[in-house]
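So the structure is just underneath, and the comments pick up after that.
The values are calculated or read from the model by the stated rules, or taken from the named source; none is laboratory data. Note that the structure is a prediction, hence the values are computed from the model and not measured. Here Cβ is always computed from backbone atoms with ideal geometry, including for glycine, and neighbour counts include all displayed protein chains.
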Amino acid sequence: MVRSMTGYGRAKQSRNGRDITVELRSVNNRYLDCTVKMPRAFIFAEDAIKSLVQKNVGRGKVDVFITVESNGVEETVVAVNEPLAKSYIEALEQLKKLSGGAARYDYDVSDLARLPDVLTITKAEENLETIAADLCAVAEEALGNHVGMRETEGQKLAEDILARAETISALLSKVEERAPGIVADYRAKLTAKLQEVLDSTQIDENRILTEAAIYADKVAVDEETVRLRSHLSQLHEMLAQGGAIGRKLDFLIQEFNREANTIGSKCNDVETSRIVVDIKAEIEKIREQVQNIE
């Protein structure tokens, strides 16, 4: 399927205690240029995200925006500083002896827990591979939405290009129909001119035929129209094939212009010149649309 280089995709998921949001935006570009913007703490996953984009996008300027928020269920580890706790207990026992064992100086575990640095709370060690996999999973969903939008837009581009190709084909038919008449008109004008100059003198019919043949050879556009129709056929085939065909189409449109320019330079007829101008206008519109195709 034909894809446009312009598109947008977004996805949001909650995975392993994190709310992950991924947004992608792409515009036209000659090559693939991917930029990932994400929190510094997750920069280790940047290459994996770029690799995922490369597998799904052939060409274009792609910006990836990733936000990660904790949803409050991160795992934590509570540890007892045993050496310090023992020191506190020994110190408290000493105080108890000094006080004569009075009940008001008794203590329990909760009292120990409140003492500075007896308990330490730390975040559980995170598995970077798991985090990267979570980010890629959300990015893959966003890419799916992004590609879907690009395919929808690409289908519209293809339909417009094919409609213009049909217009070019119809205009070519007019050129082909007009071509024999150009030589006939030239022959009639040449005969009339010679009669005017030579008046009653006998006109050499062979000379007129020779001049008409030479002129016909100069203005013949059969080869150009045949090649242009061949290019139109190639255009249909490429659009039906789909995929990353933007560069091929760009080159093909250059060939369209080359044949149209040759036809325009050969024809010595006002009506044909007008038709060629219309052909070139349609080719230019196709060229503009091709710039949007991956």
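For the reader, a short list of remarks on this structure follows.
- Considering residues of region 258-293 that are out of contact with any Leu (no Cβ under 7 Å at 6 or more places or on another chain) and of a type in the set (Val, Ile, Thr) only, the residue surrounded by the fewest Cβ atoms within 10 Å (Cβ to Cβ): Val270
- Counting the residues of region 237-257 that are more than 14 Å from Gln291 (Cα to Cα) and exposed (fewer than 14 other Cβ atoms within 10 Å of the Cβ) gives 4.
- Strands (runs of 3 or more DSSP E) completely within region 3-89 that count 3 or more residues being of a type in the set (Asp, Glu) and loosely packed, with under 13 Cβ neighbours inside 10 Å: none
Listed here are the residues, each with its yes/no results for (1) part of a helix (DSSP H, G or I); (2) modelled with pLDDT of 95 or more; (3) over 14 Å from Leu172 (Cβ atoms).
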| position | (1), (2), (3) |
| --- | --- |
| Arg207 | yes, no, yes |
| Glu211 | yes, no, yes |
| Tyr215 | yes, no, yes |
| Ile253 | yes, yes, yes |
| Asn261 | yes, no, yes |
| Gly264 | yes, no, no |
| Thr272 | yes, no, no |
| Asp278 | yes, yes, no |
| Lys285 | yes, yes, yes |
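- Per this entry, Thr6 is counted among residues that are farther than 28 Å from Leu128 by Cα, among the hydroxyl-bearing types (Ser, Thr, Tyr) and touching a helix residue (DSSP H, G or I) at 6+ places or on another chain (Cβ under 9 Å).
- In region 58-79, the residues that are modelled with pLDDT of 95 or more and under 15 Å from the mean Cα position of the chain (by Cα): Lys61, Val62, Asp63, Val64
- Region 131-159 residues that are more than 18 Å from Gln54 (Cβ to Cβ), paired with ones that are part of a helix (DSSP H, G or I) (beta carbon under 7 Å, 6 or more apart): Ile131/Phe42; Ile131/Ala45; Leu157/Gln289; Ala158/Leu239
- When the test is whether a residue is of a type in the set (Lys, Arg) and modelled with pLDDT of 95 or more, Arg164 passes it.
- Residue within region 18-29 that is free of Cβ contacts under 8 Å to residues at least 60 places away in the same chain and more than 20 Å from Glu294 (Cβ to Cβ) present: yes
- Residue check, Thr130 farther than 19 Å from Asn28 by Cα and surrounded by fewer than 19 Cβ atoms within 10 Å (Cβ to Cβ): yes
- Matching option when the condition is more than 11 Å from the chain's Cα centre (by Cα), farther than 29 Å from Asp160 by Cβ and without any contact (Cβ under 8 Å) to a residue 24 or more places away in the chain, among Lys50, Lys55, Lys37: Lys50
- Any hit, region 164-173, residues being within 13 Å of the chain's Cα centre (by Cα) and crowded, with 17+ Cβ neighbours inside 10 Å: no
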